[in-house]
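In what follows, a structure is listed as structure tokens, so that the remarks can point back to it.
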Amino acid sequence: MTPTLKDVAERAGVSRSAVSRAFTDGASVSAKMRKRVEKAASELGFSPNVLASSLTTGRTKLIGLVSNNFHNPIFLEVFDLFTRALQDQGLRPLLVNLTDETDPANSVRMLRQYSVDGVVVASSTLPPAFGKAFRDAGVPVVHAFGRVTSAPEVHVVGIDNIDAGRLAAQTLTARGYRRLGFMGGPEIATSTQDRLKGFLQELSLHPQVSVSQSFATAYSFEAGRAEMQDLLDGEPAEAYFCGDDVLSIGALSAIQDQQLSVPRDIGILGLNDMEIAGWNNINLTTIRQPIRQIVNSSIELITAMLRDPVRLPEARIFACHIVERGTLRPLKEVQAASDD
């Protein structure tokens with residue numbers, strides 16, 4: 001039989017309410033009493049029912065972790081980091097799939113049914129309205145990988161996607177490419193819009209460079225592959241900023257099917273630096289998004305909001321940098337050619 005609260009109370013020689021207090025954070029109980037209860041619980045193999053204790057404390061310690069792009073392998077890394085970090089804080093992640101969800105009110109209703117203490121929106125494609133809907137419902141919320149603004153309505157942690165677009169353009173022009181292409185994710189995604197905006201801003205300073213733009217239907221391998229197949233049917237660019245690693249890998253697959261070489265025939269630049277980007281058969285040159293720092297900062301903010309729900313929203317921005325691999329012309333070769 002599974003030991004109960006009553007069994008622990010009898011073994012420790014105390015009341016059931018004393019046992020309950022001993023396992024409740026912040027409850028009034030002496031150190032001597034707590035030690036006595038914990039000893040009895042250990043001897044019996046008793047573990048407190050955290051869901052039952054929430055009826056007393058009013059706190060479930062559940063944190064809704066919501067996203068909408070489960071096709072992108074980067075989120076395997078994101079979810080792994082988030083779930084482990086939340087558990088290290090004594091919190092319990094509740095993973096929610098919002099793929100195809102367009103109404104923020106539906107997601108709020110769903111999470112409220114589970115009485116979550118807070119929500120982390122982990123998505124670069126869900127609009128700011130989702131985070132705002134949780135805030136308006138009185139649920140502490142952090143939008144990780146969200147659109148960063150100077151006056152955020154909720155806590156936002158991520159990168160400056162406009163700046164990432166500029167970095168991509170600088171990287172490609174420095175390698176001597178003169179016909180560039182932007183192959184983004186869904187056109188309605190704020191991450192796509194901002195990466196394109198920065199890309200075009202930087203290229204406006206290089207009148208000798210031409211640029212085309214296209215959009216995949218999703219941040220997925222299949223969508224990236226299909227979009228590049230269409231581009232190869234026309235006159236492809238010399239190099240593409242794909243706006244996401246998984247799109248880049250799909251594009252690489254389509255290029256290889258046409259017996260073309262990367263980077264000899266077409267250069268590819270991704271964004272994220274997910275684990276498989278570094279695999280030998282991929283070897284993707286990419287812009288590294290500091291995912292671990294973004295996750296840790298998001299956890300720090302959500303735990304702070306559990307203590308202080310009226311904490312003013314802030315935006316935390318992390319810098320990106322280029323990870324050199326094998327899908328662009330090496331910069332040193334371009335420099336050597338110019339010296340000649």
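Within the stretch 113-126, how many residues turn out to be over 19 Å from S297 (Cα atoms) and either under 14 Å from the mean Cα position of the chain (by Cα) or assigned to a strand (DSSP E or B) (or both)?
Number satisfying all stated conditions: 2.
Does the stretch 162-197 hold any residues that are touching a residue at least 60 places away in the same chain (Cβ under 8 Å), surrounded by 17 or more Cβ atoms within 10 Å (Cβ to Cβ) and of a type in the set (A, V, I, L, M, F, W, C), and which are they?
A164, L167, A168, A169, L172, L180, F182, M183, A189
Restricting the search to the stretch 191-213, which residues are among the polar types (S, T, N, Q), part of a helix (DSSP H, G or I) and within 17 Å of G270 (Cα to Cα)?
S191, T192, Q193
Before we move on, is V209 more than 21 Å from F145 (Cβ to Cβ) and of a type in the set (A, V, I, L, M, F, W, C)?
So V209 fits the description; yes.
What number goes with the only condition from (1) of a type in the set (D, E, K, R); (2) within 30 Å of P207 (Cβ to Cβ); (3) touching a Leu at 6+ places or on another chain (Cβ under 8 Å) that D117 does not pass?
So the condition that D117 fails would be (2).
Mind checking whether some residue in the stretch 229-237 is in a loop (DSSP other than H, G, I, E, B), closer than 23 Å to A174 by Cα and among the aliphatic types (A, V, I, L, M)?
Scanning the stretch 229-237 turns up at least one residue that is in a loop (DSSP other than H, G, I, E, B), closer than 23 Å to A174 by Cα and among the aliphatic types (A, V, I, L, M).
Filter the stretch 1-24 down to the residues that are loosely packed, with under 14 Cβ neighbours inside 10 Å and of a type in the set (S, T, N, Q), then identify the one that is modelled with the lowest pLDDT.
The extreme case among them is T2.
I need a count of the residues in the stretch 28-51 that are surrounded by 15 or more Cβ atoms within 10 Å (Cβ to Cβ) and at pLDDT below 80.
3
Looking for something part of a loop (DSSP other than H, G, I, E, B), surrounded by fewer than 21 Cβ atoms within 10 Å (Cβ to Cβ) and under 20 Å from the mean Cα position of the chain (by Cα) - is there at least one such residue anywhere in the stretch 76-87?
No, the stretch 76-87 contains no residue that is part of a loop (DSSP other than H, G, I, E, B), surrounded by fewer than 21 Cβ atoms within 10 Å (Cβ to Cβ) and under 20 Å from the mean Cα position of the chain (by Cα).
From the residues in the stretch 88-108 that are exposed (fewer than 14 other Cβ atoms within 10 Å of the Cβ) and of a type in the set (G, A, S), which one is farthest from L301 (Cα to Cα)?
A105
For residues in the stretch 253-295 being in a helix (DSSP H, G or I) and hydrophobic (A, V, I, L, M, F, W, C), which is nearest to R178 (Cα to Cα)?
Across the stretch 253-295, the extreme among qualifying residues is I255.
Quick check on the stretch 138-145. Is at least one of its residues part of a helix (DSSP H, G or I), under 25 Å from I317 (Cα atoms) and modelled with pLDDT of 90 or more?
No; the residues of the stretch 138-145 include none that is part of a helix (DSSP H, G or I), under 25 Å from I317 (Cα atoms) and modelled with pLDDT of 90 or more.
Output the qualifying pairs, or none if there are none: Cβ atoms under 7 angstrom, residues six or more apart or on different chains, first residue in the stretch 100-114 and farther than 18 Å from T125 by Cβ and not assigned by TED's automatic domain parsing to the domain that holds A133, second residue among the basic types (K, R) and not in a loop (DSSP other than H, G, I, E, B).
none
Out of the residues in the stretch 305-336 that are part of a helix (DSSP H, G or I) and without any contact (Cβ under 8 Å) to a residue 60 or more places away in the chain, which is nearest to L81 (Cα to Cα)?
Step by step, filter the stretch 305-336, then rank; the result is R307.
Could you list, in sequence order, all residues of the stretch 261-304 that are touching a strand residue (DSSP E or B) at 6+ places or on another chain (Cβ under 6 Å) and under 17 Å from F82 (Cα atoms)?
Q289, P290, Q293, I294, S297, S298, L301, I302
The values are calculated or read from the model by the stated rules, or taken from the named source; none is laboratory data. Please read these numbers as outputs of a predicted model, since none were measured by experiment. Note: ideal-geometry Cβ built from the backbone for every residue, glycine included; neighbour counts use all protein chains shown.
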